[in-house]
1. For the structure I just gave you, tell me whether residue 72 is surrounded by fewer than 16 Cβ atoms within 10 Å (Cβ to Cβ) and either within 15 Å of the ligand (Cβ to nearest atom) or modelled with pLDDT of 95 or more (or both).
2. Please specify each residue of region 255-278 satisfying the condition of being out of contact with any helix residue (DSSP H, G or I) (no Cβ under 8 Å at 6 or more places or on another chain), at pLDDT 90 or above and away from the ligand (no atom under 16 Å from the Cβ).
3. Out of 216, 237, I need the residue that is free of Cβ contacts under 8 Å to residues at least 40 places away in the same chain and out of contact with any strand residue (DSSP E or B) (no Cβ under 6 Å at 6 or more places or on another chain). Which one?
4. Looking at residue 249 and the list (1) surrounded by fewer than 20 Cβ atoms within 10 Å (Cβ to Cβ); (2) within 18 Å of the chain's Cα centre (by Cα); (3) not in a loop (DSSP other than H, G, I, E, B), which single condition is not satisfied?
5. Kindly check whether there is at least one residue in region 344-357 that is under 23 Å from residue 201 (Cα atoms) and crowded, with 20+ Cβ neighbours inside 10 Å.
Ligand code: XIL
């Protein structure tokens, strides 16, 4: 009798688990759940997503991600369109969105040479630049005190050879501006994590410059909690060795390592990195897959993502977050940069918000 009851229970469990399995589409799960003991999983959000305009996209975001970075709405051109006049409307909506859906917000970004307000780009006097620098950080970091989990305090301050980029900030304020940005942000928002973020900073020369930059911040007495490796990489050319060496080297500085803007470029381009001012002309060869991705490329993309996540899992004790730069292929900035109007496929979800083979490879590492 007892055995019979036991067998019945086992049978019911098997039947039930089988039903739920089929119910939720085989294999489809949630990245944030799968990696919850390893690192947080983020995405970049645009205005339409923050306003929840498309319910399918919205459900996907809520299901998959537990942290988000605004793709544009916290950049200085958008937050301070006129000198001293701030527009927090859209960025405040992002904070509400995060609260509502239990998604932590990484502020992006306080000090960056791109997407600066027009008035700022034309500034000549050192005093004006200093005023902008101080006021922007104090006002924005102060406004989001206790509301954002972290800030990309400074973005892309380095050249490829590891020297400091000749930005308006370096020209007018000298190299101390970086540590000063961290000090001011900490003062305005003491409990927020503070990061330095860049692209190609897994490459040896730029990495060496980045390490120097981080050490200078630390030596100045300001706090830095982490470094972001943007992770705009290229199909079949993921620099796994450089990435691993960088994870180890940055972590040895006592800070968190994050992959902050992950996507894999599959279209032809004659340079690497993510300098938003670089643009190329549109030709017929530059957009080879307007109607869909050949299987061989889909497979390579899946293999590349799998190799990356294997590496991230190997160093999960050093990696705090992995953020994709966009929710699905249709939203990706790579459809319009560095060439406008292309059809790109860099992410884990396709234009219909369906998971791609790459998604199953990534999540398969945890199943
Ligand atoms: C990109 C956005 O995705 C685009 O919508 C915008 O037109 C340009 O900037 N490095 C960064 C991000 O730190 O802020 C950039 O985002 C991509 C490169």
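The values are calculated or read from the model by the stated rules, or taken from the named source; none is laboratory data. Quick caveat, the model's predicted, so the values are computed rather than measured. Here the Cβ positions follow ideal geometry from the backbone for every residue, glycine too, while neighbour counts run over all protein chains shown.
1. So residue 72 fails the test.
2. Once the filter is applied, which keeps residues that are out of contact with any helix residue (DSSP H, G or I) (no Cβ under 8 Å at 6 or more places or on another chain), at pLDDT 90 or above and away from the ligand (no atom under 16 Å from the Cβ), region 255-278 yields only 256.
3. Working: 216 fails: free of Cβ contacts under 8 Å to residues at least 40 places away in the same chain.
Matching residue, one of 216, 237: 237.
4. For residue 249, the failing item is (2).
5. yes
Here is a yes/no grid of residues against (1) crowded, with 20+ Cβ neighbours inside 10 Å; (2) within 16 Å of the ligand (Cβ to nearest atom); (3) modelled with pLDDT of 95 or more:
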| site | (1), (2), (3) |
| --- | --- |
| 4 | no, no, no |
| 12 | no, no, no |
| 26 | no, no, no |
| 43 | yes, yes, yes |
| 48 | no, yes, yes |
| 56 | no, no, yes |
| 68 | yes, yes, yes |
| 89 | no, no, yes |
| 92 | no, no, yes |
